[in-house]
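Engineer: Can you keep this structure in mind? I'll have questions shortly.
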Amino acid sequence: MDIGTIAGIIAGVGLLFGAILLDTGLGLFVNYPSMMIVGGGTFAAVCVSYPLNEVLNTRKVIKKALLFRQPSAEEMVAEIVKYAKVAREQGPVAVEKAAQQCKDGFLARGLQMIADQASTEDMSFILQNEIAVMQTRHKVGRDIVSAAGKYAPAFGMVGTLIGLIQMLANLDEPSTIGPKMAVALLTTFYGAVMANLFCGPLSTKLKRRSEMETLLMKLVIEGLMSISAGDNPRVCEEKLKVFLSGKSKPEEKKTEEKAGGAREAA
């Protein structure tokens, strides 16, 4: 589970509700026709823009952004090095058994291809294409969420215009002008919140998630190529360390700790 996404949404909603409750009351900000205009209009516009099956599949993309935990690059490097040791010490049969126990589907498919003695060219072609398909799938989901973020404020304005028309049609009743104006502005409020607290940030999160997943998959391909070539596990690990740039690498961390201990002893 991504704690940051959940915490951000809860904090945003909580602060909005808190500000509303401190000043007036929640009931003043609840208007079901306005919700129907913004929510229903946004959904309808997205359905016009994209095939219905892609729109419905977006819920899986959102669920992944909220709940899915990606393994870190360090964890993936350690796991690949483990399989490199198995391949070097026990051979293809042991790699096939390891593939059946591997929880990462992408890595498991690559290990199975190594066990089947597929060529590195075929393996790279298949896995690179899988990355391309994944990126396309992620982009569609991200674009749908982003489109919803663009349509929501527009339908907020539509709702406001509807409210203003209704208000102007009853100018002979001055007592109704204030309440009708408040209801008219609520749709703009709903559209702005939907776009800026949910759709916009979720689209950005999905883009970042896709970039991180792509990087991990490229790391896996590099590791699989190394295993297929019969590299020493230590050589395999060195090849994968490039993906840990900007982070404290295992060997460097140990060296720094030793250096620190030596300075303290001196």
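Engineer: What order do Asp143, Asp172, Asp122 take when sorted by accessible area (1.4 Å probe), most exposed first?
Structural biologist: Largest accessible area first, the residues go Asp172, Asp122, Asp143.
Engineer: May I ask you to give the percent of accessible area on the chain that is carbon plus sulfur, with a probe radius of 1.4 Å?
Structural biologist: Numbers: 9800 of 15630 Å².
Within the chain, the accessible surface is 63 percent carbon and sulfur.
Engineer: Next up: By its C-alpha gyration tensor, with a ≥ b ≥ c as the square roots of the eigenvalues, how is segment 18-77 shaped: rounded for a/c under 1.5, else prolate for a/b larger than b/c, else oblate? Display every interim value, and only then the final one.
Structural biologist: Working: a/c = 5.22, a/b = 1.41, b/c = 3.69.
Oblate shape, in that a/c is at least 1.5 and b/c is the bigger or equal ratio.
Engineer: Follow-up. Two decimals is fine: what's Rg over Rh for segment 32-159, C-alpha atoms, Kirkwood radius as Rh?
Structural biologist: 1.20
Engineer: Could you report the chain's accessible area per residue, 1.4 Å probe, as an integer in Å²?
Structural biologist: Ligands and nucleic acids excluded, the result is 59 Å² per residue.
Engineer: Another question about this same structure. ³J(HN,Hα) across segment 123-129 via Karplus (A = 6.51, B = -1.76, C = 1.60, θ = phi - 60°), whole Hz, x for Gly/Pro?
Structural biologist: Rounded to whole hertz, the list is 4, 4, 4, 5, 6, 5, 5.
Engineer: Working from the alpha-carbon coordinates of the chain, get Rg over Rh, Rh being the Kirkwood radius.
Structural biologist: Rounded to two decimals, Rg/Rh equals 1.18.
Engineer: When only Cα pairs under 8 Å and 6 or more residues apart are kept, what is the percent relative contact order across the chain?
Structural biologist: On the way: 246 pairs, mean separation 75.0, N = 266.
Normalised by residue count, the contact order of the chain is 28 percent.
Engineer: With runs of 4+ DSSP H residues as the only contributors, calculate the mean residue ellipticity of the chain at 222 nm using -39,500 (n - 2.57) per run, divided by the residue total and rounded to the nearest 500.
Structural biologist: -26500 deg cm²/dmol
The values are calculated or read from the model by the stated rules, or taken from the named source; none is laboratory data. No experiment lies behind these values; they were computed from the predicted model shown. Surface areas here come from the heavy atoms of the whole protein model, side chains and all, with no ligands, DNA or RNA. Shrake-Rupley method; radii C 1.70, N 1.55, O 1.52, S 1.80 Å.
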